[in-house]
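The values are calculated or read from the model by the stated rules, or taken from the named source; none is laboratory data. Here the structure is a predicted model, which is why all the values come from computation and not from measurement. When we count neighbours, we look across all protein chains shown, and the Cβ atoms used for this are built from the backbone with ideal geometry, even at glycine.
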Amino acid sequence: MTDAYFQTGDGSWFVPTEYARGPWQVDACHAGPPTALMAGALEAVVPEQRLTRITVDIIRPIPMRGFRVAGSIAKPGRLVSLTEAELYDDDTIYARAYGLHLRTVDRLDITTASVDAPDLSAAIPGPFPIHRSVHGQTSFLDSVECRYDPVGPVATGGPTTMWMRTTVPFVADESPSPFQRICPLADSVNGISYNNHLDEIRFVNPDLTVSLHRDPVGEWFCAQAVSHWVATGVGLADAALFDAEGPVGRATQNLLLSRGE
């Protein structure tokens, strides 16, 4: 098994390794690493502006057998640009991503909101809140390290403050962008803050939106996560995102809830 989420020969066709496998289906990826690939494709087509938001629609389970990723410009602009990326193979589109890019300036004399940020140095180690996958095979859960607020819940679901870092690269010998690095945590918000265990309720996200007001720094990122579930089978996972220096943005996932099996 290669110590990366994906293998690639040409930079456009990606074959997932076991670390990219999601917790739900043995033949489908966790959406975090593929989202990072799509974020990279969006950044590549408008390198002069900063990617500030990505919205991913997961049309079908992303296959472990491999796929292509390609980005394009939907609307160019001097101040604001819109981009799109597709994750697909010869027969099927599995996911689409939509990017918002903004121009940046050297420096503005401004003030900003002050918030209480979690403290990485005080966080304590713990397992990922989903302790096992449905299928029981090696998966994304085996590629991350987690730490928790010492006065909050530790890997038990519910509203949770959790730090996470990935232990393998997306592609061997490639350096991800800051936006790419935080994507796996952003797509884990529903798994951090679930309200019932997997054997009771499944909580699948058909989408993911990540908005970042600045580039995350370092390897450890934090989510202050909460999930709102409704008896009609719909939910929303929502998290403020941080690095060790303070707030960086927000992630949301709409959720499809169903009875566990």
(Q) Residue pairs, Cβ under 9 Å, 6 or more apart or interchain, first in the stretch 168-179 and more than 15 Å from residue 50 (Cα to Cα) and in contact (Cβ under 8 Å) with a residue 24 or more places away in the chain, second surrounded by 19 or more Cβ atoms within 10 Å (Cβ to Cβ) and among the charged types (D, E, K, R). List them. (A) 170/181
Q. Got a sec? Which strands (runs of 3 or more DSSP E) wholly within the stretch 58-161 have at least 3 residues that are touching a helix residue (DSSP H, G or I) at 6+ places or on another chain (Cβ under 8 Å) and either touching a residue at least 12 places away in the same chain (Cβ under 8 Å) or among the hydrophobic types (A, V, I, L, M, F, W, C) (or both)?
A. 67-75, 80-88, 93-102
Q.
Checking residue 217 against (1) under 24 Å from residue 57 (Cβ atoms); (2) of a type in the set (A, V, I, L, M); (3) not in a strand (DSSP E or B), only one condition comes out false. Which one?
A. (1)
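Residue-wise test of (1) in contact with a strand residue (DSSP E or B) (Cβ under 8 Å, 6 or more places away or on another chain); (2) acidic (Asp, Glu); (3) surrounded by 19 or more Cβ atoms within 10 Å (Cβ to Cβ).
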{"position": "215", "(1), (2), (3)": "yes, yes, no"}
{"position": "219", "(1), (2), (3)": "yes, yes, no"}
{"position": "225", "(1), (2), (3)": "yes, no, yes"}
{"position": "232", "(1), (2), (3)": "no, no, no"}
{"position": "236", "(1), (2), (3)": "yes, no, no"}
{"position": "245", "(1), (2), (3)": "no, yes, no"}
{"position": "255", "(1), (2), (3)": "yes, no, yes"}
Q: For residue 200, indicate whether it is of a type in the set (Asp, Glu), farther than 19 Å from residue 38 by Cβ and either surrounded by fewer than 18 Cβ atoms within 10 Å (Cβ to Cβ) or at pLDDT 95 or above (or both).
A: yes
Q) Does residue 35 meet the test of being touching a residue at least 24 places away in the same chain (Cβ under 8 Å) and within 25 Å of residue 214 (Cβ to Cβ)? A) yes
Q) Has the stretch 157-174 got any residue that is under 16 Å from residue 33 (Cβ atoms) and in contact with a Cys (Cβ under 6 Å, 6 or more places away or on another chain)? A) yes
